[in-house]
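The values are calculated or read from the model by the stated rules, or taken from the named source; none is laboratory data. Because the structure is a prediction, the values reported are computed rather than measured. Note that each Cβ is placed from the backbone with ideal geometry, even for glycine, and that neighbours are counted across all protein chains shown. Ligands, DNA and RNA are stripped out before the accessible areas are found, and what is left, the full protein with its side chains, is counted by its heavy atoms. Shrake-Rupley method; radii C 1.70, N 1.55, O 1.52, S 1.80 Å.
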Amino acid sequence: MTNSSYIGSIVRLWALGSGAVLLAIMAVTSLNTLAFAASRMAEPLGLQIGGLPGYEDFVSLSIAVAALGFLPWCQWRRGHIAIDFLMARLPARVGQIADSLWLALLAATALFLAYWLGIGMLEAKADSALSPVLGWPRWPFFAPGILSMLLWAVVCLTQLVGRPSSEGMVQ
C-alpha cells in the first residue's frame, strides 16, 4: 500500500466519522422536534414536555466538527469547484501549472486555518470557555477542526508532489 493509499484511507475514515457526527446531530434534532410536538399535543391536558436541555450547545459544537471533517475528503476526490470550461481551452501545461499553484495555495490556506484554530483552542482553554447550557468546555471541539485542516493540507501536498491514482479522484 502506497503513502497515497494510506492517506486516502485515513481521509475516508475521517469523513465517515464526520458523517457519524452528522447522524448524531440529525437524531438529536429529531428527538428535540418530537419533544416539542409531544408538548403541543399534551398542552390541552395540562402536561408540559420540554425539549432536550442543551440541544443548541450540542448542535453548535458538533456541526463545526462535522463540517470541517469533510474538507479533506472533498479535496481527495477533487470535489471542489473547478473552472473546467476555462482550463480546457488552455494548453495542458498551463493547466498543470495552475493546478499546482492552486494546490499549494490550498495547502497554505489549510495550514493557516489550522494555526488560527490552534490559537483559538488555546484561548478558549485559557478562558475556560463553556457552552451556555450544558457547561461543556469549548476547547476540545477545536481539535477535530485542527486535524481536519492538517489532513486537508496533507492531501493537497500529496496531490502536489505525486499525483494520486485515478482511484482517489473524481473523473
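Listed residues Gly50, Gly79, Gly69; which is touching a residue at least 12 places away in the same chain (Cβ under 8 Å) and exposed (fewer than 12 other Cβ atoms within 10 Å of the Cβ)?
Gly50
Matching residues to (1) within 20 Å of Leu61 (Cα to Cα); (2) assigned to a helix (DSSP H, G or I); (3) of a type in the set (Ser, Thr, Tyr); (4) touching a residue at least 12 places away in the same chain (Cβ under 8 Å):
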position	(1), (2), (3), (4)
Arg93	no, yes, no, no
Ile97	no, yes, no, no
Leu106	no, yes, no, yes
Ala110	no, yes, no, yes
Ala114	yes, yes, no, yes
Pro132	yes, no, no, yes
Gly135	yes, no, no, no
Pro144	yes, yes, no, yes
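Loosely packed, with under 14 Cβ neighbours inside 10 Å and closer than 30 Å to Trp139 by Cβ, is that true of Ser9?
Spelling it out, Ser9 is indeed loosely packed, with under 14 Cβ neighbours inside 10 Å and closer than 30 Å to Trp139 by Cβ.
Within the range 96-104, is even one residue at pLDDT 95 or above and open to solvent by less than 100 Å² (accessible area, probe 1.4 Å)?
Within the range 96-104, one or more residues are at pLDDT 95 or above and open to solvent by less than 100 Å² (accessible area, probe 1.4 Å).
Whether any residue in the range 116-126 is more than 24 Å from Leu71 (Cβ to Cβ) and aliphatic (A, V, I, L, M) is what I want to check.
yes
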